[in-house]
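Written below as structure tokens is the structure these notes are about.
The values are calculated or read from the model by the stated rules, or taken from the named source; none is laboratory data. In this text the structure is predicted, and so the values were computed from the model without any measurement. Neighbour counts run over all protein chains shown; Cβ positions are idealised from the backbone, glycine included.
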Amino acid sequence: MDIAILGASGYGGGELLRLLAGHPRLRSVAGASRQHVGKDFGAVHPHLRGLVRGAFVETPDWRALAQCERPVLFAALPHGEFAKQLPTLEAAWQRVDLAERLTVIDLSGDFRLADAAAFRQSYGGEHPCPERLPDFVYGLSEWRREALRGARRIANPGCFATALQLGLLPLARLGPHSPPWVSITAVTGSSGSGASPSDTTHHPTRANDLRAYKVLAHQHEGEVRRTLDEQRAGIDFAFVPQSAPLVRGIFASIAFPAPGLERATLRAAFEHAYGDARFVRLVDGTPRVAAVAGSNFADIAVEARAGSACVLVAIDNLVKGMAGQAIQNLNLALGWEEDLGLRIAGVFP
Ligand SMILES: NC(=O)c1ccc[n+]([C@@H]2O[C@H](COP(=O)([O-])OP(=O)(O)OC[C@H]3O[C@@H](n4cnc5c(N)ncnc54)[C@H](OP(=O)(O)O)[C@@H]3O)[C@@H](O)[C@H]2O)c1
């Protein structure tokens, strides 16, 4: 396969380059950037020096990509940007006979929702090309394997949304113990906000702080609710996101009243859901962000005691919450082993 990346100079672009360097089916990669054209990848991503060779281009050479057997595009652009560009890009791909053959995976939130109204509700504003929303398959890998097979347009889930859905969906299989409502808190590291510095990511204001933000109003709620509806889960939730003094990682706690629910029953629901899942590990005690950082694993623990229950989920926002899951989805779309290029442990400690 030959790959192009839009937004290759960002954190997601860097993670794609890092992980794809270990993908056995990769032949070539073109990384686009506005600010760094002509610079080596290593000039922006210092950890890739000597490992990933190549330089940033202004625009991928679509004609060259069209000559490839397995052309792939990852879009890792800021919110709204890929949707704005897509109609023009599609026209350029049509001209070189690439549009139908190109596997496109968008890492932004632009194509995760069902229609213009849902997009407006989650993100505010109008979607630039709502007629294209139905073309995209929502890529929550473990729950969408069938839909992803052969897909040519994939919307990769959000990082919080990935952690929340992996923890919530098995709860729908608890029969009489399935909770109608759960309380969720989840903390995220600063890399979740991307490479451009902002007040909320600046080290002196972040390093020793812990705070909530977008309380009961995070934009990922929409995609989580969409999946819960599609799965007829019958679960509502209140979600309080928090900003933690971490660089990488998400840690989600999902709690609910559960009279009569045994831990073994809860654990069995998760074993049933993820028994064959290469990247979901059920752990005892607590998951740890440090144990998944740098890897595509989601570590999940469950507990039930004295009439209450909880599910704890840890992922790396940049890997399972972003670039790693995008590669997992690529593997699924192209019919390859799901873990190609992703057989790596985290970097504990
Ligand atoms: N960070 C996470 O944990 C995470 C997780 C899941 C999903 N996402 C989503 O994935 C997408 C990429 O996230 P990221 O964290 O990689 O972002 P990022 O670090 O800010 O990178 C985005 C890149 O896009 C390029 N770009 C192209 N057009 C741009 C424009 N009009 N304005 C600003 N930059 C532009 C920039 O590079 P040049 O200036 O060199 O062109 C920039 O490096 C976002 O939509 C984000 O919501 C992020």
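The number of residues in segment 202-216 that are out of contact with any strand residue (DSSP E or B) (no Cβ under 9 Å at 6 or more places or on another chain) and either at pLDDT 95 or above or in a loop (DSSP other than H, G, I, E, B) (or both) comes to 3.
Note on segment 130-177: residues that are assigned to a helix (DSSP H, G or I) and of a type in the set (A, V, I, L, M, F, W, C) amount to 14. Scanning segment 104-126 for residues that are assigned to a loop (DSSP other than H, G, I, E, B) and over 15 Å from R153 (Cα atoms), we see that the one that is farthest from the ligand (Cβ to nearest atom) is D115.
Could you please find all residues in segment 229-254 being small (G, A, S) and either closer than 30 Å to N208 by Cα or touching a strand residue (DSSP E or B) at 6+ places or on another chain (Cβ under 9 Å) (or both)? A238, S243, A244, G249, A252, S253 - these are the residues of segment 229-254 that are small (G, A, S) and either closer than 30 Å to N208 by Cα or touching a strand residue (DSSP E or B) at 6+ places or on another chain (Cβ under 9 Å) (or both).
Scanning for something surrounded by 12 or more Cβ atoms within 10 Å (Cβ to Cβ) and in contact with an Asp or Glu (Cβ under 6 Å, 6 or more places away or on another chain), does segment 159-176 turn up at least one residue? Within segment 159-176 (the criterion being surrounded by 12 or more Cβ atoms within 10 Å (Cβ to Cβ) and in contact with an Asp or Glu (Cβ under 6 Å, 6 or more places away or on another chain)), the answer is yes, since at least one residue qualifies. Residues considered: L86, L98, L102, L65. Of these, the only one that is crowded, with 17+ Cβ neighbours inside 10 Å, in contact with a Pro (Cβ under 9 Å, 6 or more places away or on another chain) and within 25 Å of D40 (Cβ to Cβ) is L65. Checked against (1) more than 14 Å from the ligand (Cβ to nearest atom); (2) closer than 24 Å to P157 by Cα; (3) assigned to a loop (DSSP other than H, G, I, E, B), V240 passes all but a single condition, namely (3). Of the residues in segment 191-209, none is buried (at least 22 other Cβ atoms within 10 Å of the Cβ) and more than 16 Å from the ligand (Cβ to nearest atom).
Within segment 86-103, the only residue that satisfies the criterion of being within 14 Å of the ligand (Cβ to nearest atom) and either touching a residue at least 24 places away in the same chain (Cβ under 8 Å) or assigned to a strand (DSSP E or B) (or both) is L86.
Does A172 meet the test of being in contact (Cβ under 8 Å) with a residue 12 or more places away in the chain and not assigned by TED's automatic domain parsing to the domain that holds G7? Yes: the conditions hold for A172. In segment 65-88, the count of residues that are touching a Gly at 6+ places or on another chain (Cβ under 7 Å) and on the phi > 0 side of the Ramachandran plot is zero. Residue selection: F279 satisfies the criterion of being closer than 20 Å to Q328 by Cβ and away from the ligand (no atom under 13 Å from the Cβ).
Kindly evaluate L140 against the criterion of being touching a residue at least 60 places away in the same chain (Cβ under 8 Å), crowded, with 21+ Cβ neighbours inside 10 Å and within 18 Å of G222 (Cβ to Cβ). The answer is yes for L140.
Residue pairs whose Cβ atoms lie under 7 Å apart, sitting 6 or more positions apart in sequence or on different chains, and linking a residue in segment 268-285 that is over 21 Å from S178 (Cα atoms) and among the basic types (K, R) to a partner that is at pLDDT 95 or above and in a strand (DSSP E or B), are R281/D299.
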